[in-house]
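The values are calculated or read from the model by the stated rules, or taken from the named source; none is laboratory data. All figures in this text were calculated on a predicted structure; none of them were measured in a lab. Please note: Cβ atoms are built from the backbone with ideal geometry, for glycine as well, and neighbour counts cover all protein chains shown.
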């Protein structure tokens, strides 16, 4: 099989060398023809022109005399025809104004119809420099001719007219054809000789070169031959020796590099951070599995591509470019958009240098700080909201106390009212602090009681008793709807009770007098569903996605007047998360709301 491959390579390389040699000869020949052909043609035209000029020199004296003595045109015509027969050319005599006096190729009776020849190229040249030549088309004879003209002057140099001789262009073509034929034969002989020599040279040079190709292919495939059995003469032999030495060195270096690379890749692949390495041209050379997963790439497919093209993140690409440009550590906080949100990373990009300090590339490491930033944001928002919520009742209490201290305490009609309001705000403040502590416990899952089997009907009855007086005060009809006497779920009693109580309290708060609040419990599809429905104010669609946020109120003024802390539904959400449950909300402004708690049974 190896022999067949070598024979195939040998044949291909021989063909290439053979074609190259022959191609060079043919190309050189064609270039020679392209350059020489127009020059030969021009030389032939010039030669014909010189011959015509010689013929003109033999007869110009006669025609000069005719023109000087203004001989009859018929006599001049006859003389022109006589010379034309002898010289086998067309003879034309033209006066100094360009009018044709005689033309051997035109009947004498039609000469007067010929147009002026003053604008003919050969006449213009002859007028300027005595002699003029041109190769062009003749409208009179309807064919191409080669012209040679000479100005005729008297002894004082006064222009009398012109004599012009012309021969068909085919005469020039015949001369060129003979010349080209001789050149063609010479070129064919040269090409045949080149083919024979090229065939020999191709066979001579192909064998050692193909042998070297085979060795280098084996090296490229990872097979490093230690010796080359047959070596050539001249420089090729030195090249084969150098390749042999290179093969040995590469074999040792490859083993060492392969071992070191395996160790490095193993370390980088086991990192929990995303790692991306590029060369000095910002082309990807490595990406660990975390980076591949983060940007949905596969290292072999993006290897060799620019970092910007591979991961499609300008921030990381810019950071790597800066590290390469400045050859120093660069750090930045970057964000990566996902379909389900945004991840935040601290990205470090540092240059990669060899032992001598030469820059090899850069490596970027991404540390995921998404959760840290979320916690910081939540903490900041929570602190701001808590500060605001605490400030409101404290400010009110302070104002009432200052009013009392300013003398209102002596006013029996107002002091009790002020004290009642102080008590109300103190109660609201206490409730707010209790809810804040409860939210904190639920978020951190501290002091969570164990799950137990709960009788939901009993918890509903207990919650209804708690809010009964409040509902009665607003003349709100509070009713319970159950499909069975028992409804059980696994959960934390205090949490489930408080959740039911929160929903009932909210429904009563946001339902006008004479309204209805209904609570229901049903076991369905291995779940227990507790729903609270009212015919109160309802919630606009733009608020539905935010009502479970801490301190978010649809109607802030009404919520504070009713003593709401803004944390009730946030507590409900956390309780449902602890119980692996869901909260469903349906609402229509002006018609009421329905909130359903779905607990796993």
Strands (runs of 3 or more DSSP E) enclosed by the range 101-182 - at least 3 residues per element that are under 26 Å from residue 34 (Cα atoms):
131-138, 143-153
For the structure I just gave you, tell me whether residue 92 is modelled with pLDDT under 85, surrounded by 16 or more Cβ atoms within 10 Å (Cβ to Cβ) and either over 30 Å from residue 174 (Cβ atoms) or in contact with a helix residue (DSSP H, G or I) (Cβ under 9 Å, 6 or more places away or on another chain) (or both).
no
Quick one: residue 355 ticks every box in (1) within 21 Å of residue 369 (Cβ to Cβ); (2) surrounded by fewer than 12 Cβ atoms within 10 Å (Cβ to Cβ) except a single one, so which number is it?
(1)
Scan the range 428-441 and tell me whether some residue there is out of contact with any strand residue (DSSP E or B) (no Cβ under 8 Å at 6 or more places or on another chain), assigned to a helix (DSSP H, G or I) and modelled with pLDDT of 70 or more.
no
Checklist (1) modelled with pLDDT under 75; (2) farther than 27 Å from residue 157 by Cβ applied to residue 30, failing item
(1)
Filtered residues of the range 514-535 (kept if at positive phi and either in contact (Cβ under 8 Å) with a residue 24 or more places away in the chain or not assigned by TED's automatic domain parsing to the domain that holds residue 582 (or both))
514, 526
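Residue by residue, here is whether (1) modelled with pLDDT of 80 or more; (2) assigned by TED's automatic domain parsing to the domain that holds residue 352; (3) more than 30 Å from residue 365 (Cβ to Cβ); (4) out of contact with any strand residue (DSSP E or B) (no Cβ under 8 Å at 6 or more places or on another chain) holds:
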| site | (1), (2), (3), (4) |
| --- | --- |
| 238 | no, no, yes, yes |
| 248 | no, no, yes, yes |
| 275 | yes, yes, no, no |
| 298 | yes, yes, no, yes |
| 313 | yes, yes, no, no |
Can you confirm whether the range 152-168 contains a residue that is exposed (fewer than 15 other Cβ atoms within 10 Å of the Cβ) and touching a helix residue (DSSP H, G or I) at 6+ places or on another chain (Cβ under 6 Å)?
yes
When residues of the range 469-486 are limited to those that are surrounded by 14 or more Cβ atoms within 10 Å (Cβ to Cβ) and assigned to a helix (DSSP H, G or I), the one modelled with the highest pLDDT:
471
Somewhere in the range 512-528, is a residue over 25 Å from residue 476 (Cα atoms), touching a helix residue (DSSP H, G or I) at 6+ places or on another chain (Cβ under 8 Å) and modelled with pLDDT of 85 or more?
yes
Here is a list of conditions, (1) at pLDDT 75 or above; (2) over 30 Å from residue 317 (Cβ atoms); (3) surrounded by 13 or more Cβ atoms within 10 Å (Cβ to Cβ), and residue 231 meets all of them except one; can you say which number that is?
(1)
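Yes/no matrix, rows are residues, columns are (1) at pLDDT below 80; (2) assigned to a helix (DSSP H, G or I); (3) surrounded by 11 or more Cβ atoms within 10 Å (Cβ to Cβ); (4) in the same structural domain as residue 337 (by TED's automatic domain parsing):
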site	(1), (2), (3), (4)
257	yes, yes, yes, no
278	no, no, yes, yes
294	no, yes, yes, yes
304	no, no, yes, yes
Residue 328 fails exactly one of the following numbered conditions: (1) part of a loop (DSSP other than H, G, I, E, B); (2) modelled with pLDDT under 85; (3) farther than 30 Å from residue 377 by Cβ. What is the number of that condition?
(2)
